[in-house]
1. In region 128-143, which residues are in contact (Cβ under 8 Å) with a residue 12 or more places away in the chain and either more than 23 Å from residue 92 (Cβ to Cβ) or assigned to a helix (DSSP H, G or I) (or both)?
2. State which residue is nearest to residue 192 (Cα to Cα) when the search covers only region 121-147 and only residues that are in contact with a helix residue (DSSP H, G or I) (Cβ under 7 Å, 6 or more places away or on another chain) and surrounded by fewer than 11 Cβ atoms within 10 Å (Cβ to Cβ).
3. I'm told residue 161 meets every condition in (1) farther than 20 Å from residue 75 by Cβ; (2) in a helix (DSSP H, G or I); (3) touching a strand residue (DSSP E or B) at 6+ places or on another chain (Cβ under 6 Å) except one. Can you identify the failing condition by its number?
4. Here is a check on your reading of the model: is residue 119 touching a residue at least 12 places away in the same chain (Cβ under 8 Å), more than 25 Å from residue 63 (Cα to Cα) and either outside the structural domain of residue 85 (by TED's automatic domain parsing) or in contact with a strand residue (DSSP E or B) (Cβ under 8 Å, 6 or more places away or on another chain) (or both)?
5. Which condition from (1) modelled with pLDDT under 80; (2) out of contact with any strand residue (DSSP E or B) (no Cβ under 8 Å at 6 or more places or on another chain); (3) closer than 25 Å to residue 185 by Cα is the one that residue 17 breaks?
6. Please indicate, with yes or no, whether at least one residue in region 56-68 is farther than 19 Å from residue 188 by Cα and either in a loop (DSSP other than H, G, I, E, B) or assigned by TED's automatic domain parsing to the domain that holds residue 188 (or both).
7. Looking at 114, 95, 150 in this structure, which one is in a loop (DSSP other than H, G, I, E, B), in contact (Cβ under 8 Å) with a residue 12 or more places away in the chain and under 20 Å from residue 193 (Cβ atoms)?
8. I need every pair where a residue in region 178-194 that is in the same structural domain as residue 81 (by TED's automatic domain parsing) and without any contact (Cβ under 8 Å) to a residue 60 or more places away in the chain has its Cβ under 7 Å from the Cβ of a residue that is buried (at least 16 other Cβ atoms within 10 Å of the Cβ) and not in a helix (DSSP H, G or I), sequence separation at least 6 or different chains.
């Protein structure tokens, strides 16, 4: 086997304090660089996210809403936080059925289809034929009172009113729109009773 012409002298840490000093310096520099890298990543990664500011605003808005609703312990994800910005406490809705002129037949039918199952659920507990519908479609030209009717329903039923437009549910990133759509219903389930109103479909 080949041998070294000038073998390296054996370094024993008990005899040579330089080895111990070099090892300590190397370990300290590794720990310091790792700590700086972690801190830089925690600060830099959110800054690279183009929707970081909107997510932070949504989180603050959601926390304020949960506090006003008296439900601060509800756990939500970032998509539910964005949807929670559109939720309105029923106590803050200033529209009731008496404020809506006309639409008497529509108001009567909405009271039967939506408000009665909310206020008297025991009437609809027996049998599948008596179950109320899972949704209501209001249609008509702009300015005919569709949004006011839904706000009045939320006020009467004391349900959280989640008022959404399609632009809220759309995102330029692949897969985000589906997550937002799912978040609408998971948030409504967490805040129940809740009314989800999707405008301008």
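1. So in region 128-143, the residues in contact (Cβ under 8 Å) with a residue 12 or more places away in the chain come out as 132-133, 136, 138.
Hits for region 128-143 are 132, 133.
2. 133
3. Answer for residue 161: the failing condition is (2).
4. Against the criterion (touching a residue at least 12 places away in the same chain (Cβ under 8 Å), more than 25 Å from residue 63 (Cα to Cα) and either outside the structural domain of residue 85 (by TED's automatic domain parsing) or in contact with a strand residue (DSSP E or B) (Cβ under 8 Å, 6 or more places away or on another chain) (or both)), residue 119 does not qualify.
5. It fails just one condition, (3).
6. Restricting attention to region 56-68, the residues satisfying the condition of being farther than 19 Å from residue 188 by Cα are 56-57.
Keeping just the survivors that are either in a loop (DSSP other than H, G, I, E, B) or assigned by TED's automatic domain parsing to the domain that holds residue 188 (or both) gives 56-57.
Yes, the conditions are met somewhere in region 56-68.
7. Values: 114 fails: in a loop (DSSP other than H, G, I, E, B); 150 fails: in a loop (DSSP other than H, G, I, E, B).
The match here is 95.
8. Close Cβ pairs (under 7 Å, with a partner that is buried (at least 16 other Cβ atoms within 10 Å of the Cβ) and not in a helix (DSSP H, G or I)) amount to 188/162; 188/194; 188/196.
The values are calculated or read from the model by the stated rules, or taken from the named source; none is laboratory data. Treat the numbers as computed from the prediction; the structure is a model and nothing was measured. Positions of Cβ are generated from backbone atoms using ideal geometry, with glycine treated the same way; all protein chains shown enter the neighbour counts.
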